[in-house]
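Just below is one structure, and these are the notes that go with it.
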Amino acid sequence: MNAKRLFALLLVAGLTAAPSCLRAEYPSPMLVSFGGEGGGAADEASLYADGTRAINESRWSEAAGLFDRVAQLHGEHAEGALYWKAYAENKEGQPANALSTCGELRKKYPKSHWVDECGALEIEVRGKSGHPVSPQGEPDENLKLLALNALMQQDQGQAVPILQKILAGNQSDELKSRALFVLAESHSPQADSLIGQIAQGQSGTPLQIKAIRMLAVAKGKSANDTLASIYQKSSDAQVKRAILQSYLITGDPSKLLEAARGESNPELARTAVHTLGAMGAASDLLAMYRASNNTQTKEDIISALIPCGQKGIGPLSDIAKSEQDPQLRRKAIRNLGVAGGMSVAPALVETYQKNSDVETKRAAAQSLFLANDAPDLVTLARGEKDTKMKEYLVQQLSLMHNEEATKYMMEILNK
């Protein structure tokens with residue numbers, strides 16, 4: 001078993017830090033204090049420090065000998081010394097000796113925390129030898145997961161049923177979550193089938209949501225039909241939201257569009273619309289906008305066109321020109337400045353100049369402000385005859401940290 005790969009696996013599965021059993025892959029010098037009457041403690045600490053340096057420098061045989069001498073002193077560092085002796089023996093290519101040393105540690109110091117460290121080492125040693133440790137026999141959850149990883153590498157046919165029992169049993173949610181991740185890593189037909197079953201909701205909502213996301217990552221577009229089926233059958237808003245968000249991973253706007261059009265829950269419909277925006281599906285959003293009679297849905301679509309970037313400019317311009325509802329039209333005009341920046345400035349200037357509606361003109365000015373277009377705002381302000389509208393333009397310019405805006409402010413002050 002590759003400890004570094006397992007370290008990454010456990011971190012992704014939700015651990016906030018590497019389990020202590022992985023310290024063997026990254027030994028660090030111990031801080032030791034020299035003292036004690038007669039020099040015994042000082043001798044032990046000195047030997048332990050020498051052994052640690054040998055570990056760090058990959059001098060395995062020397063390290064094993066040094067830690068053996070520490071263990072024979074039966075002092076403060078004896079328990080750790082037995083573990084590091086076993087670690088060095090394994091690295092030296094003496095797995096049988098490593099297992100024997102771990103057995104000695106377990107016999108002499110059964111309550112030592114180093115026993116767990118040796119447990120992890122034993123799992124690694126036995127996994128490499130083709131005789132993986134039985135996960136069911138491990139009381140500690142971290143060790144159980146390590147054993148499962150080793151077993152998955154040796155015999156997936158035997159490991160998958162064990163994982164299935166863990167997922168269906170009374171284990172902690174954390175262990176179940178990590179077991180599901182281990183299952184997804186195997187990419188075997190058995191594992192894929194089991195993940196599909198859990199995604200259907202056989203093991204509770206939290207695990208179902210994780211399985212849905214893993215299914216999307218593992219299968220991509222081929223998972224879309226399964227996800228759509230689960231969506232139609234489920235009444236759980238959390239599950240349905242997870243499926244909508246998973247379509248972003250699988251890259252299927254058609255399923256999102258279908259859900260957005262048929263969803264009666266406004267929050268889920270909004271999630272579908274926003275996910276379409278994140279996907280850059282501007283044309284689909286515009287088609288949905290034209291087909292909808294719901295004002296809130298239309299507002300959500302106008303907002304969702306911003307993440308579409310350049311793709312969203314055309315639909316926003318279309319809405320800004322054709323929408324009869326003044327509130328929706330103004331929202332589209334304002335969002336044009338956010339989505340298009342300076343590229344839409346000519347259209348915004350034209351909108352300002354051709355409209356007599358004050359609020360529409362304000363929306364165009366706001367959009368030019370959001371596009372950081374001081375030159376056009378200055379030009380409009382100089383030509384504006386309406387005092388209140390001119391004041392509004394100057395107010396927008398006063399908020400801009402722009403050389404053109406600053407010069408215009410000075411021009412006003414010097415009049």
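With a point put 7 Å past each Cα toward its Cβ, work out how far ALA287 is from ASP325 in nm, to one decimal.
2.1 nm
Run down the lysines and flag those whose C-alpha is under 19 Å from the C-alpha of LYS111, throwing out any fewer than 8 positions away in its chain.
Straight-line reach from LYS111, under 19 Å: LYS85, LYS144.
Run the numbers for ASN97 and SER303: contour at 0.36 nm per residue of separation, minus the present Cα-Cα distance, in nm.
Computed gain between ASN97 and SER303 is 67.6 nm.
Cross-link candidates for LYS321: which lysines have Cα within less than 21 Å, leaving aside residues fewer than 8 places away along the same chain?
LYS298, LYS311, LYS331, LYS354, LYS361
So which aspartates and glutamates can LYS407 reach, going by Cα to Cα under 16 Å and dropping same-chain residues fewer than 8 places off?
List returned: ASP373, ASP376.
As an exercise, take the mean of 1/r over every pair of distinct alpha carbons in region 155-251, invert it, and state the Kirkwood radius in angstroms.
13.3 Å
Tell me, how many Å apart are the Cα centres for region 302-344 and for region 386-415?
Here the two parts' Cα centres lie 26 Å apart.
Order these by the 10 Å Cβ neighbour count, fewest first: TRP60, TRP84.
Listing TRP60, TRP84 from fewest to most nearby Cβ atoms yields TRP60, TRP84.
Please give the net charge around VAL378, taking every other residue with its beta carbon less than 13 angstrom from that of VAL378, where Lys and Arg add +1 and Asp and Glu add -1.
In short, -3.
So if R0 is 22 Å, what FRET efficiency would SER177 and GLN197 give, r being the distance between their Cβ atoms, rounded to the nearest 0.05?
It comes to 0.85.
Pairs of Cα atoms under 8 Å, at least six residues apart: use those to get the relative contact order of region 263-308, whole percent.
Worked out over region 263-308, it gives 48 percent.
Run the count for region 155-251, please: Lys pairs, Cα-Cα under 24 angstrom, 8 or more apart or on different chains.
Value for region 155-251: 14.
Between ALA168 and GLN353, what FRET efficiency comes out of the Förster formula 1/(1 + (r/R0)^6) with R0 = 56 Å and r the beta carbon distance, rounded to 0.05?
According to the calculation, E is roughly 0.25.
Search the structure for amide H atoms under 5 Å from the amide H of GLN202, placed 1.01 Å from N in the peptide plane, and list their residues when 5 or more places away or on another chain.
none
Would you list the P(r) distribution for region 309-415, with all Cα-Cα distances sorted into 5 Å bins from 0 and each bin expressed as a whole %?
Taking every Cα pair in region 309-415, the percentages come to 2, 14, 25, 24, 17, 11, 4, 2, 1.
Calculate I(q)/I(0) for region 263-308 by the Debye formula, one identical point scatterer on each C-alpha and no solvent, and give its log10 at q = 0.18, 0.19, 0.27 Å⁻¹ to two decimals.
-0.42, -0.47, -0.96
How about region 358-415: which GluC sites (Glu not before Pro) there lie in a loop by DSSP and see at most 14 other Cβ atoms within 10 Å?
Answer in residue order: no site qualifies.
Pop the C-beta distance of GLU403 and ALA42 into the FRET formula with R0 = 60 Å and round what comes out to the nearest 0.05.
0.25
State, as an integer percentage, the relative contact order of region 313-415 based on alpha-carbon contacts under 8 Å between residues 6 or more apart.
Relative contact order, region 313-415: 21 percent.
Relative contact order for region 155-251 using alpha-carbon pairs under 8 Å, separation at least 6, rounded to a whole percent?
22 percent
Rule-based calculations on the coordinates, nothing more; no lab input. Worth saying up front: this structure is predicted, and the values here are computed from it rather than measured. All Cβ positions, even for glycine, are placed from backbone atoms using ideal geometry, and neighbour counts span all protein chains on display.
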